[in-house]
Each structure stands twice: as C-alpha cells, then as structure tokens.
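First up is the structure itself, then whatever we jot down about it.
The values are calculated or read from the model by the stated rules, or taken from the named source; none is laboratory data. For clarity, every value in this text was computed on a predicted model and none was experimentally measured. Methodologically, a virtual Cβ is constructed for each residue, glycine included, from the backbone with ideal geometry; neighbour enumeration extends over all protein chains shown. Ligands, DNA and RNA are stripped out before the accessible areas are found, and what is left, the full protein with its side chains, is counted by its heavy atoms. Shrake-Rupley method; radii C 1.70, N 1.55, O 1.52, S 1.80 Å.
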Amino acid sequence: GMTTEIFFARIDSAGSRIGNDVRVTSLSNNRGNASLAFNGTGFGVAWEDERWEAGHPDIFFTRLDAAGPMIGSDVSVTSSGVRAVRPSLAFTGSQYGVAWEDERDGNPEIYFNLVDMDATLVGVNVRITDAAGTSVVPALAWNGAGFGVAWYDGRDGGLSVYFAAVDAGGNKVGSDVRIADAFESPSDGEKLDLAWSPEESVYGLVWHDDRDGNLEIYFTKILADGTRPGPDIRVSDGLSDSDHPELAWSGSQWGVVWKDYRQSADNPEIYFAILTCDATPCAGAPEDSPCMSCKPMVLLSF
C-alpha cells in the first residue's frame, strides 16, 4: 500500500517556490509530523518514523544543507519499540534540542534529547514529565540560555496546559507550571506552540481550550522561569471551534495562525491574527509587566 514520506521545499519571501521538492525519507511504512529548525546555514529535521515496526513509530533526525539535500544519514533519537511521536525541534546556536511524546512508561510522557551539529545524540533520552495521566504534544523553544517546553497534560482530568524549563544541558529546572486549567479537547485538534521573543525577553504561548463554551485560541506570555507577567488573551472570536494554533515572533509583533470552523463545520479555514500592544494595560496585569497584547489587531482568513 501507499506510505507517507517527508519532503522538503524552500519558499522565498514572496511565497514562490525555490527549486524542486527534496524527498527526505524513502523507506517502508509511514512517517510524519516533521519539525524543522534552521541553524544559520542549513536545517535540522526530526520526525516520527515507523520503519522498524508499523504502528510503533520512533523519532528520527537528519540534517539538510541550505538547498535541501540530506547531509550524511539519518539517526534514531529513540529506539524503545513502543510509540514515540510528535517531535518538536529547536536550535541553540550549537546544538539541537528535540522534545517528543513517548509511551515507554505505559502512558504518554514528554521526553527530551540534545543532538550535536554532526547529528550525534548527546547523552540519553531524558524524561521531562512524571505526573499521573497523559502528557502530550510538546512544543519546544530556545531562549538563548535554556529551553522552554509546553504541552497538554491530563493530570488534572481533561487536558490542562503546562510549561517547564530545561537548561542548556538538557536537565529539567524547577517544577511544572500549570498555564491553563483543564478542559475537554477533541484529539485531532491537539496542538500548541511556543516561541521566544528576544526583544521582549518572554515566551509567547498559544493553545486552545473550551472555557468559553467552544474551543478558542488563547495567548499568554511566560518568563524564562515559568512565571507569567499578565493574563491570558483570547485571540479567536468565531462562534465555532478554533484549534491547531501556530505562533511566530517577527521581531516586533506576535503572529498567530489557526484552523477555524466558523464558516463550515466540515471545512475549516486558516485564520491569521497579529497581536499588538494596547495603550491601556490588560485587566489583572502588573503595572511593571511587559506590554501585553490585549486583542488581535488584524484578522485575515485564507
């Protein structure tokens, strides 16, 4: 039968494709959920791969040069033979960090490993979460001195959003921080995203929850130690579900994209919002907090 593979393509600033697609994987069984990170001259990519046993993916990593062709061979980050999925990759300037969801402990937990520039694993797989219940869908970001990782967590019943700090050597720092309370979520919409703003010295985090009756996209800022300088901000404003958010920092603004079902329950559209500072501080925000973004400034659909 047909299998899914990982491909790579480059796109210029105007949205035009550069060159041809590059096939990254070419083996039996399926692979998917790729995560890409730019290292200044080329790319690292991590993905889940069923080459050893269908239905039991492991995490693999490889390097691509600036035009896309693979450098060397791929390497396995995990080899536990159970189910390791949904990798999230971040580049530090000299190494990659990869976080993923792993079922070797009997239920999904978040694991982490460093990978050198030459695609060699540094140390062993490190377990980040150890609470009862599932810990799924990690999002990893580098802040210049350490990593932040956020995920959905079932320890409170339903799903809550949690955050933890990991140092440059791959060691967890401090305890887990609950960012958003428990909610119920359809499993196919589970996605959150974490990004670092060097200009504001904060992480931005986007996720979805159903506190307002249906799934909506929320945003908050988190300091490197896990404390929060202000409240959650609701980004999406439709009457139907919104899920699967992604976040990017432009150097001066936060941009969010997500899947939105307001126009059709069966055919979601992609929505985009830019978050900008309001002149008035958000309710509940400390007076000395970094400027909070109280509402979307631009809303576009595609």
- Note on the structure: The one condition Met70 fails out of (1) over 19 Å from the mean Cα position of the chain (by Cα); (2) open to solvent by less than 40 Å² (accessible area, probe 1.4 Å) is (2)
- Can you tell me which residue in region 225-280 is farthest from Leu215 (Cα to Cα), limited to those that are surrounded by 19 or more Cβ atoms within 10 Å (Cβ to Cβ) and of a type in the set (S, T, N, Q)? Ser236
- Note on the structure: Selection from region 203-239 of residues closer than 18 Å to Ala273 by Cβ and among the β-branched types (Val, Ile, Thr) yields Val206, Ile217, Thr220, Ile233, Val235
- Message: Looking at the structure I just gave you, is Ala90 touching a strand residue (DSSP E or B) at 6+ places or on another chain (Cβ under 6 Å) and touching a residue at least 40 places away in the same chain (Cβ under 8 Å)?
- Response: yes
- When region 32-62 is checked residue by residue, the ones that are over 16 Å from Glu5 (Cα atoms) and part of a strand (DSSP E or B) are Ala37, Phe38, Phe43, Gly44
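Just to check your reading of the model, which residue among Thr62, Thr41, Thr4 is of a type in the set (Ser, Thr, Tyr) and under 20 Å from Asp102 (Cβ atoms)? Even if it seems obvious, please write down each step before you answer.
On the way: Thr41 fails: under 20 Å from Asp102 (Cβ atoms); Thr4 fails: under 20 Å from Asp102 (Cβ atoms).
Sole residue among the options that is of a type in the set (Ser, Thr, Tyr) and under 20 Å from Asp102 (Cβ atoms): Thr62.
Select, from Gly44, Gly97, Gly106, the only residue that is buried (at least 21 other Cβ atoms within 10 Å of the Cβ), closer than 25 Å to Asp130 by Cβ and of a type outside the set (Val, Ile, Thr). Spell out the reasoning first.
Working: Gly44 fails: closer than 25 Å to Asp130 by Cβ; Gly106 fails: buried (at least 21 other Cβ atoms within 10 Å of the Cβ).
None of the others qualify; the one that does is Gly97.
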- Message: Filter region 13-32 down to the residues that are open to solvent by 60 Å² or more (accessible area, probe 1.4 Å) and among the small types (Gly, Ala, Ser) and list them by number.
- Response: Ser13, Ala14, Ser26, Ser28
- Query: Val22 versus (1) part of a strand (DSSP E or B); (2) of a type outside the set (Lys, Arg); (3) over 21 Å from Gln95 (Cα atoms); (4) out of contact with any Gly (no Cβ under 7 Å at 6 or more places or on another chain): which is the lone unmet condition?
  - Reply: (4)
- Query: Which one is farthest from Ser175 (Cα to Cα) among residues in region 120-129 that are touching a strand residue (DSSP E or B) at 6+ places or on another chain (Cβ under 7 Å), open to solvent by 50 Å² or more (accessible area, probe 1.4 Å) and not hydrophobic (A, V, I, L, M, F, W, C)?
  - Reply: Gly123
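Can you find a residue that is open to solvent by 10 Å² or more (accessible area, probe 1.4 Å) and without any contact (Cβ under 8 Å) to a residue 12 or more places away in the chain anywhere in region 202-212? Steps first, please.
So in region 202-212, the residues open to solvent by 10 Å² or more (accessible area, probe 1.4 Å) come out as 210-212.
Next cut, without any contact (Cβ under 8 Å) to a residue 12 or more places away in the chain only: none.
No - not one qualifying residue is present in region 202-212.
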- Query: Right, Asp225: under 23 Å from Arg86 (Cβ atoms) and at pLDDT 90 or above or not?
  - Reply: no
- Message: Restricting to region 76-96, name every residue that is of a type in the set (A, V, I, L, M, F, W, C), more than 15 Å from the chain's Cα centre (by Cα) and modelled with pLDDT of 95 or more.
- Response: Val77, Ala84
- Message: Looking at the structure I just gave you, is Thr220 at pLDDT below 95, open to solvent by 40 Å² or more (accessible area, probe 1.4 Å) and over 22 Å from Arg86 (Cα atoms)?
- Response: no
- Message: Checking Thr129 against (1) among the hydroxyl-bearing types (Ser, Thr, Tyr); (2) modelled with pLDDT of 95 or more; (3) assigned to a strand (DSSP E or B), only one condition comes out false. Which one?
- Response: (3)
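So is Thr227 polar (S, T, N, Q) and assigned to a strand (DSSP E or B) or not? Before you say what the answer is, go through the steps one by one.
On the way: polar (S, T, N, Q): yes; assigned to a strand (DSSP E or B): no.
Answer is no for this residue.
Of all the residues that make up region 142-188, how many are assigned to a strand (DSSP E or B) and of a type in the set (Gly, Ala, Ser)?
Let us first name the residues in region 142-188 that are assigned to a strand (DSSP E or B), namely 142, 146-153, 159-167, 172-183.
Imposing the further condition that a residue be of a type in the set (Gly, Ala, Ser) reduces the set to 146, 148, 150, 160, 164-165, 174-175, 180, 182.
The qualifying residues number 10.
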- Query: Restricting region 63-72 to residues that are part of a strand (DSSP E or B) and over 20 Å from Val124 (Cα atoms), which is modelled with the lowest pLDDT?
  - Reply: Met70
